[in-house]
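First up is the structure itself, then whatever we jot down about it.
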Amino acid sequence: MTSTADLAALHQRQDAERELFELLRIPSVSADPAYGADVARAAAFLRDKLAALGFKARVDQTAGHPVVYAERQDAPGKPTVLIYGHYDVQPEAPLEEWVTPPFEPTVREGRVYARGATDDKGQAYAHVRGTELLLQAGPLPVNVKFLLEGEEEIGSPNLEAYLREHAQELKADVIVISDGSRFAPDVPTVTYGLRGLSYVEIHVQGANRDLHSGSYGGAAPNPIHALCQIISRLKDEQGRITIPGFYDGVEEPTPQEREMWAKLPHSDEAFARSIGVPALPGEAGYSTLERLWARPTLDVNGIWGGYQGEGSKTVIPAKAGAKVSMRLVPGQDPERITRLVQEYVPTLAPQGVQVEVRALHGGQPVKVDLDSPYVQAADRALRRVYGKPAAFARTGGSIPIVAAFRSLLGAPVLLVDFGLNEDAPHSPNESFALEDYHNGILTSAYLLQELGK
Ligand code: BES
Ligand code: MN
Ligand code: MN
């Protein structure tokens, strides 16, 4: 087998960067239909690249954006590794806050700035180049399949149907995903938990039209006030969510986990400083890491209603609304939680308004069994790259399709993240450290080697 030093020496850094930047130039925003052709172009780019690497590669249409599927069966009798990632990106807004344009990848101080740089084009492409690196040295040590989707950022509405339809073809021993953040810059990480999600909209309707706030104020119901009352009653003074049954079944972190997390290099002060706030409000009785990884949340993500233009307009609006996301943890079920919210929120409505809770999308929480040979292989691969053992951490984010990998494909997942929170995914000026990209490529190559042993 090719040694560590050989592979690192074979790696063509400039070429790997040039190619990633090409992909980053394609504005594959899945949420906005105006970008549909660009999403398709990103899929074709990946298919062509994988085909050039000798994969049987194709673009499969779905009811939404396409899926890229590719495979190379080089290693009979060896495990099959399915690498999942997504090539769609979040919308770039607010555009005026970007230092350089979101789809013109620009390098500053060792980081490439572009929408999708870390989430997830850079991390997914690290596996493409990691595979390429291995192929420069010989045939692949395991069978490799790529599943790259174009709808992750809108909740993967068509991927479950795709998995069902292609379950046989997608069969794998382990599913490798790099679509999150390592614990800290100097901490190589195997992620073993993702939170789930329930996402709803609250719609409040008052009068049959916007009203003069003089002629009607004092008598007419105000839907913005009603909405604020409702929202304010969804959490108590202790930061606990008041929806009846919300915490039923929530699994507490184990004593071993608590011990492990306490040893991680975390500081509340540094964390608060990194986001420019003086305090970290949250549920009483839990540490920050516990609140981020093992406790469910409820957050208003957006709110609307009434006059938002220049100057003043004396009006009582007819409608108001809010988008609310709840992050869920093992023991909670997104459909049940959505139902509880739909039952409870209307009971909070003050007189005179009508309240409707619409379900948008959801996703199951995930916990990976740390006691597995795949996790050990990842640990060995990370040691070879970083010269130190991996930390095992959970994360607060969600990848809704991951639970379906287990239920529909019956394969365990392995989450090896190359990014960092400071890459600012979903924010303006998203970036990816080039060093993390190259380390990701090496990690990918070593991981495939280790999985083949
Ligand atoms: N890559 C993220 C998930 C993630 C974020 C994992 C941070 C670990 C740490 C993914 O692309 C994402 O943004 N997921 C969405 C869910 C989806 C339904 C829009 C999320 O977590 O908000
Ligand atoms: Mn992602
Ligand atoms: Mn994302």
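The values are calculated or read from the model by the stated rules, or taken from the named source; none is laboratory data. Keep in mind that what you see is a predicted model, and the values were worked out from it rather than measured. Every residue, glycine as well, gets a Cβ built from its backbone with ideal geometry; the counts of neighbours run over all protein chains shown.
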Looking at the range 135-152, can you tell me whether even one residue there is within 16 Å of ligand 2 (Cβ to nearest atom) and assigned to a helix (DSSP H, G or I)? yes
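Restrict the check to the range 422-434 and report whether at least one residue is assigned to a loop (DSSP other than H, G, I, E, B), among the polar types (S, T, N, Q), touching a strand residue (DSSP E or B) at 6+ places or on another chain (Cβ under 8 Å) and within 25 Å of Glu257 (Cα to Cα).
So the first thing to find is which residues in the range 422-434 are assigned to a loop (DSSP other than H, G, I, E, B), and the list is 424-430.
Next, only the ones that are among the polar types (S, T, N, Q) stay: 427, 429.
This time we only want the ones that are touching a strand residue (DSSP E or B) at 6+ places or on another chain (Cβ under 8 Å), so: 429.
Then drop every residue that is not within 25 Å of Glu257 (Cα to Cα), which leaves none.
Scanning the range 422-434 turns up no residue that is assigned to a loop (DSSP other than H, G, I, E, B), among the polar types (S, T, N, Q), touching a strand residue (DSSP E or B) at 6+ places or on another chain (Cβ under 8 Å) and within 25 Å of Glu257 (Cα to Cα).
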Considering only the range 61-120, state which residues are more than 16 Å from ligand 1 (Cβ to nearest atom), small (Gly, Ala, Ser), under 30 Å from Ala161 (Cβ atoms) and surrounded by fewer than 16 Cβ atoms within 10 Å (Cβ to Cβ). Ala63
The range 183-197: number of residues that are within 14 Å of ligand 2 (Cβ to nearest atom) and more than 20 Å from Leu409 (Cβ to Cβ): 2
Residue list for the range 384-408, restricted to those being free of Cβ contacts under 8 Å to residues at least 60 places away in the same chain and either within 16 Å of ligand 3 (Cβ to nearest atom) or charged (D, E, K, R) (or both): Arg406
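Can you confirm whether the range 38-61 contains a residue that is charged (D, E, K, R), assigned by TED's automatic domain parsing to the domain that holds Ile154 and part of a loop (DSSP other than H, G, I, E, B)?
Residues of the range 38-61 that are charged (D, E, K, R), as a first pass: 38, 41, 47-49, 56, 58, 60.
After this cut, where a residue has to be assigned by TED's automatic domain parsing to the domain that holds Ile154 as well, the list is 38, 41, 47-49, 56, 58, 60.
From what is left, the residues that are part of a loop (DSSP other than H, G, I, E, B) are none.
No, that holds for no residue.
Residues being in a loop (DSSP other than H, G, I, E, B) and among the basic types (Lys, Arg): count how many of those fall in the range 246-270. I'd like the intermediate steps shown before the answer.
Pass one, the range 246-270, residues in a loop (DSSP other than H, G, I, E, B): 246-254, 263-267.
Those still in the list that are among the basic types (Lys, Arg) too: 263.
Total meeting the criteria: 1.
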Please count how many residues of the range 271-296 are at pLDDT 95 or above and in a helix (DSSP H, G or I). 9
Examine the range 107-129 for a residue that is away from ligand 2 (no atom under 12 Å from the Cβ) and polar (S, T, N, Q), and state whether such a residue exists. no
List the residue pairs whose Cβ atoms are under 6 Å apart, where the first residue sits in the range 103-121 and is outside any strand (DSSP E or B), the second is charged (D, E, K, R) and more than 16 Å from ligand 1 (Cβ to nearest atom), and the two are 6 or more positions apart or on different chains. Phe103/Arg25
Flag for Gly276 being within 22 Å of the chain's Cα centre (by Cα), farther than 28 Å from Lys367 by Cβ and surrounded by fewer than 16 Cβ atoms within 10 Å (Cβ to Cβ): no
Could you check Ala126 against (1) within 11 Å of ligand 1 (Cβ to nearest atom); (2) not in a loop (DSSP other than H, G, I, E, B) and say which number it fails? (1)
Pairs needed: first member in the range 421-435, over 22 Å from Gln14 (Cβ atoms); second member anywhere, assigned to a strand (DSSP E or B) and more than 15 Å from ligand 1 (Cβ to nearest atom); C-beta distance under 6 Å; at least 6 residues apart or different chains. Asn429/Tyr113
Which condition from (1) assigned to a loop (DSSP other than H, G, I, E, B); (2) among the hydrophobic types (A, V, I, L, M, F, W, C); (3) touching a Lys or Arg at 6+ places or on another chain (Cβ under 8 Å) is the one that Val300 breaks? (1)
